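These notes concern the structure reproduced below.
The values are calculated or read from the model by the stated rules, or taken from the named source; none is laboratory data. These figures come from a predicted structure and were not determined experimentally. Counting neighbours? That spans all protein chains shown, and the Cβs are built from the backbone with ideal geometry, glycine included.
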Amino acid sequence: MTSEDRRNFIKSLNLADVHRHFDGSIRPETLWELSDKYYSAVPGLDFEQFRHYLQWDDAVDSTLLDYLDKFHVPLQYTQFYDNIRRISFELAEDAYLDGVKLLELRINPVIHRRAGLTTRQVIAATRKGLSLFQEDHPDFRAGIIVIAMRNHGGNMARLLLREVVGEKEEFHDGIGVIGFDIAGHEAPFPPLLFENAYDLAARMGLKKTAHAGESEGPERIWEALDCLGPHRIGHGTSAGQDAELMKRLAADGICLEVCLSSNLQTGAISALSDHPLPRFLEAGVKVALCTDNPTVSNTTLAREYELAMELFSMSENDVRALAGMSCDCTFLGEGCPFPEAG
Ligand SMILES: [Zn+2]
């Protein structure tokens with residue numbers, strides 16, 4: 001199979017991306033245009049130089065700090081309703097053109113409130129952008145996962161949940177909030193701090209995921225399972241070191257949101273070929289292949305499937321099964337709408 005055949009095959013599948021961050025998925029061209037609008041461009045930088053501040057480059061970037069640095073520039077433009085709406089629309093379009101029919105977009109509203117927007121306005125702008133795209137593409141489905149930052153603590157997470165209750169999917173035609181997540185530095189902010197917040201999320205009828213086991217060991221995933229009762233785990237990479245944990249994940253039907261390129265760039269794995277994805281599948285753990293941050297990671301979901309195929313010698317049937325499993329892990333409505341993909 002040539003690489004072109006492989007790409008065409010992948011794009012013929014109905015892909016689902018259930019782990020994609022708003023602020024890591026913004027078109028560089030849009031940010032460049034906004035920088036021109038607000039500041040008459042960035043003095044001393046041309047577009048290619050500007051792009052470097054948004055997007056991973058294997059030739060020069062190598063550390064977690066390099067990765068995290070890419071999230072700074074967008075923030076000055078994502079404080080305004082119209083920009084959030086436009087970016088959400090474009091983000092849906094980019095996903096769709098890449099073969100994604102089912103997108104769960106996650107966003108931390110708090111970091112987009114610095115020019116006076118409220119939490120609900122940030123979510124409403126995101127809903128609006130996704131809805132506008134969906135209106136003309138009825139075979140595209142989307143939902144929003146709200147992220148609380150770990151370093152803001154459990155009480156702030158509960159406050160955030162109360163603020164977004166009116167943005168739940170059921171209160172809006174089409175697109176709204178379907179899930180809850182925590183993200184950020186794992187070590188000093190263990191899952192236990194968020195037990196009450198996850199109880200509240202469950203009472204609000206939201207589905208639950210949590211970033212865990214990305215920069216820390218499997219014990220953080222055990223804690224997340226025991227304290228938070230998640231339906232899915234974001235990354236969960238270190239579960240590959242713990243056979244008992246993989247058994248538990250498989251027995252409980254907990255899905256791992258696997259992001260290959262991101263895991264390499266942030267140092268969660270030291271080489272792509274070391275990724276535990278094949279071990280997860282062998283242990284019967286459900287997996288959803290995702291992008292995390294397509295702009296920052298300089299990837300697309302189709303590219304991540306290509307990587308998985310190349311790295312782990314997956315057959316077309318293996319990839320079809322993986323796409324079906326990713327879709328089955330969705331928090332959206334009645335679940336996977338594409339039975340033929342499984
Ligand atoms: Zn993530």
Item to check | Residue satisfying condition, being away from the ligand (no atom under 16 Å from the Cβ), hydrophobic (A, V, I, L, M, F, W, C), under 23 Å from E257 (Cα atoms) and surrounded by fewer than 22 Cβ atoms within 10 Å (Cβ to Cβ), within set L68, L97 | outcome: L97
Checklist entry - Under the condition of being surrounded by 12 or more Cβ atoms within 10 Å (Cβ to Cβ) and among the polar types (S, T, N, Q), which residue from region 54-65 is farthest from the chain's Cα centre (by Cα)? => result S62
Checklist entry - Within region 35-54, is there a residue that is more than 23 Å from P109 (Cβ to Cβ), of a type in the set (D, E, K, R) and in contact with an Asp or Glu (Cβ under 9 Å, 6 or more places away or on another chain)? => result yes
Next on the checklist: Could you check region 69-90 and list, in sequence order, the residues that are outside any loop (DSSP other than H, G, I, E, B), out of contact with any Pro (no Cβ under 9 Å at 6 or more places or on another chain) and not basic (K, R)?
Outcome noted: D69, V73, P74, L75, Q76, Y81, D82, N83, I84, S88, F89, E90
Checklist entry - Would you pick out the residues in region 126-156 that are crowded, with 24+ Cβ neighbours inside 10 Å and small (G, A, S)? => result G129, A142, G143, A148
Checklist entry - Going through region 221-246 one residue at a time, which ones are within 16 Å of L289 (Cα to Cα) and either within 14 Å of the ligand (Cβ to nearest atom) or at pLDDT below 95 (or both)? => result R232, I233, G234, H235, G236, T237
Item to check | Members of region 113-149 that are part of a helix (DSSP H, G or I) and either in contact (Cβ under 8 Å) with a residue 60 or more places away in the chain or in contact with a Cys (Cβ under 6 Å, 6 or more places away or on another chain) (or both) | outcome: T126
Next on the checklist: When you scan region 197-220, do you find a residue that is within 16 Å of the ligand (Cβ to nearest atom), part of a helix (DSSP H, G or I) and modelled with pLDDT of 95 or more, even just one?
Outcome noted: yes
Checklist entry - Name the residues in region 173-196 that are within 16 Å of the ligand (Cβ to nearest atom), among the charged types (D, E, K, R) and more than 18 Å from L159 (Cβ to Cβ), would you? => result E186
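Go through region 182-192 and give me each residue that's in a helix (DSSP H, G or I) and crowded, with 17+ Cβ neighbours inside 10 Å.
We begin by selecting, within region 182-192, every residue in a helix (DSSP H, G or I); these are 191-192.
Answer for region 182-192, where residues must be in a helix (DSSP H, G or I) and crowded, with 17+ Cβ neighbours inside 10 Å: just P191.
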Checklist entry - Is there any pair with a first residue in region 231-253 that is farther than 14 Å from E282 by Cβ and a second that is polar (S, T, N, Q) and within 12 Å of the ligand (Cβ to nearest atom) whose Cβ atoms are under 6 Å apart and which are 6 or more apart or on different chains, and what are they? => result R232/T209; G234/T209; T237/N263
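Tell me which helices (runs of 4 or more DSSP H) are completely within region 247-339 and hold 2 or more residues being away from the ligand (no atom under 16 Å from the Cβ), or say none if there are none. Steps first, please.
Details: elements: 260-265, 277-282, 294-297, 301-311, 316-328.
Of the helices (runs of 4 or more DSSP H) lying wholly inside region 247-339, those with at least 2 residues that are away from the ligand (no atom under 16 Å from the Cβ) span 277-282, 301-311, 316-328.
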Next on the checklist: Against the conditions (1) surrounded by fewer than 18 Cβ atoms within 10 Å (Cβ to Cβ); (2) of a type outside the set (S, T, Y); (3) in contact (Cβ under 8 Å) with a residue 40 or more places away in the chain, where does G284 fall short? Just the number, please.
Outcome noted: (3)
